[in-house]
Amino acid sequence: MCMTVKNIISVVTIFLCQLSFAQTEKWHNPENADFPVVQGQAFQGEERGGFYHRFPARAQEAVRKAVWNLSKNTAGESICFSTDSKNIKVRYRVLRRKSMNHMPATGVSGVDLYTYDKNGKEIWLAPKYAFKDTVTYTYSQIEPLNVTGGFKKYTLYLPLYNEVDWLEIGVDDGAKFRFEPVPSEKPIVAYGTSICQGACASRPAMAWTSILQRRLGRTVINLGFSGNCMHESAVVDLVADVDAAVYILDGMPNLYRLPAPELQDTIVKAVRQLRGRRPDTPIVLVDHSGYPNALVNKKSRDDQERSLQCMEAAYQQLVKEGVKSLYRLRYEEIGIEGEMFVEGIHMSDYGMITYADAYEPLLRKILRKCGIKSSYQKIRGNND
């Protein structure tokens, strides 16, 4: 049978795509870099159980098993690199299930790639992906975008809810490539719950911590531990080990389960512990973002009200104790509504953007007050 014009075009298209993929031959492993390249990873230079783990090896004996296992997830981590390649392919292996009932594989186990124009504006790149034993993300025929010499900088965001065993970045054979070092400035450190870790963003860069990192031009270290942000002393001590520009304590969606007196006391003790280690670093206390069904469900309404009352009492107690540089992001300022949830607890991308919208002006105010300037170009990078 004679091939139709449409069939011929399809065959040629497939051939060209395969040809472009075949040209992606030179592979680069971040583990082979001569300097730290995992942005958003605290405890640089310390021994860790896995290259991409968020906590150092010493934490294993200090924290609960659930927290330790969650610290192996790569939430908030990214890798910056520069290349003049027209094609980029990322291949890697993850060690846990690739999706959840309420969160797609692209968010749980996927990666996200951004580049930037000459003014530093971020540009998201749409991938072709395959979730097999080795996960692959392919970006083809990338154009220069007014970049001198075609040498562009990229940020690759890592999975929110999985442990990366190994990862490689492939570029065209003969293309220039280099990893970019992590910024040396003080990061913002966010300690929180599953919402902080990134549930249920559709892709890694849509977690609110990553959105803020792009907007503020400052590294935001994601220490979100799904269902396990209980402000234990051992974890707070690890948070304090990071020399931060700002500390965020966003644990109320987990802490609300505690009885009222214990809840208030837990918040107060965590702030005292942080302040004892870091006398001058600003601390942000964050209210519970609320439940969409609180108006029609008494238990949800009672839990929400009790958590807000305990936060108010803890905040006022700390102010009376003379704790300085203490800030609060209030429920009304967060402004989460029903359409922003996936299943009544975790945020969609819409909710993540709204969360970041609430944080951004407060964090900008704090950074300005502390005389800390944004390093917008350092993180996003001028393309050169």
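The values are calculated or read from the model by the stated rules, or taken from the named source; none is laboratory data. Everything numeric in this text was worked out from a predicted model, so none of it was measured. All Cβ positions, glycine included, derive from the backbone under ideal geometry; neighbour counts span all protein chains shown.
Summary of computed values
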{"item": "Which numbered condition ARG178 fails, given (1) among the basic types (Lys, Arg); (2) in a helix (DSSP H, G or I); (3) more than 11 Å from the chain's Cα centre (by Cα)", "result": "(2)"}
{"item": "The one condition in (1) at pLDDT 95 or above; (2) part of a loop (DSSP other than H, G, I, E, B); (3) not assigned by TED's automatic domain parsing to the domain that holds TYR355 that TRP166 fails to fulfil", "result": "(2)"}
{"item": "Unmet requirement for ALA260, which otherwise passes all of (1) at pLDDT 95 or above; (2) out of contact with any Ser or Thr (no Cβ under 6 Å at 6 or more places or on another chain)", "result": "(1)"}
{"item": "Residue, nearest to LEU113 (Cα to Cα), within the range 136-161, restricted to residues that are part of a loop (DSSP other than H, G, I, E, B) and at pLDDT 95 or above", "result": "LEU158"}
{"item": "Test: residue in the range 185-207 that is more than 18 Å from the chain's Cα centre (by Cα) and surrounded by fewer than 24 Cβ atoms within 10 Å (Cβ to Cβ)", "result": "no"}
{"item": "Residues of the range 185-222 classified as in contact with a Cys (Cβ under 9 Å, 6 or more places away or on another chain), assigned to a loop (DSSP other than H, G, I, E, B) and of a type in the set (Ser, Thr, Tyr), total", "result": "1"}
{"item": "Residue match in the range 115-135 (condition: basic (Lys, Arg), under 30 Å from HIS346 (Cα atoms) and at pLDDT below 95)", "result": "yes"}
{"item": "Criterion: of a type in the set (Ser, Thr, Tyr), in contact with a Lys or Arg (Cβ under 7 Å, 6 or more places away or on another chain) and either at pLDDT 95 or above or assigned to a loop (DSSP other than H, G, I, E, B) (or both) - qualifying residue of TYR327, TYR315", "result": "TYR315"}
{"item": "Residue identified as surrounded by fewer than 18 Cβ atoms within 10 Å (Cβ to Cβ), touching a residue at least 24 places away in the same chain (Cβ under 8 Å) and either not assigned by TED's automatic domain parsing to the domain that holds CYS196 or not acidic (Asp, Glu) (or both) among ASN293, ASN254", "result": "ASN293"}
{"item": "Single condition ASP280 does not satisfy, out of (1) modelled with pLDDT of 95 or more; (2) more than 24 Å from ALA240 (Cβ to Cβ); (3) assigned to a loop (DSSP other than H, G, I, E, B); (4) not aromatic (Phe, Trp, Tyr)", "result": "(2)"}
{"item": "Wholly within the range 44-123, strands (runs of 3 or more DSSP E) carrying at least 2 residues that are crowded, with 18+ Cβ neighbours inside 10 Å, outside the structural domain of GLY198 (by TED's automatic domain parsing) and among the hydrophobic types (A, V, I, L, M, F, W, C)", "result": "78-83, 88-94"}
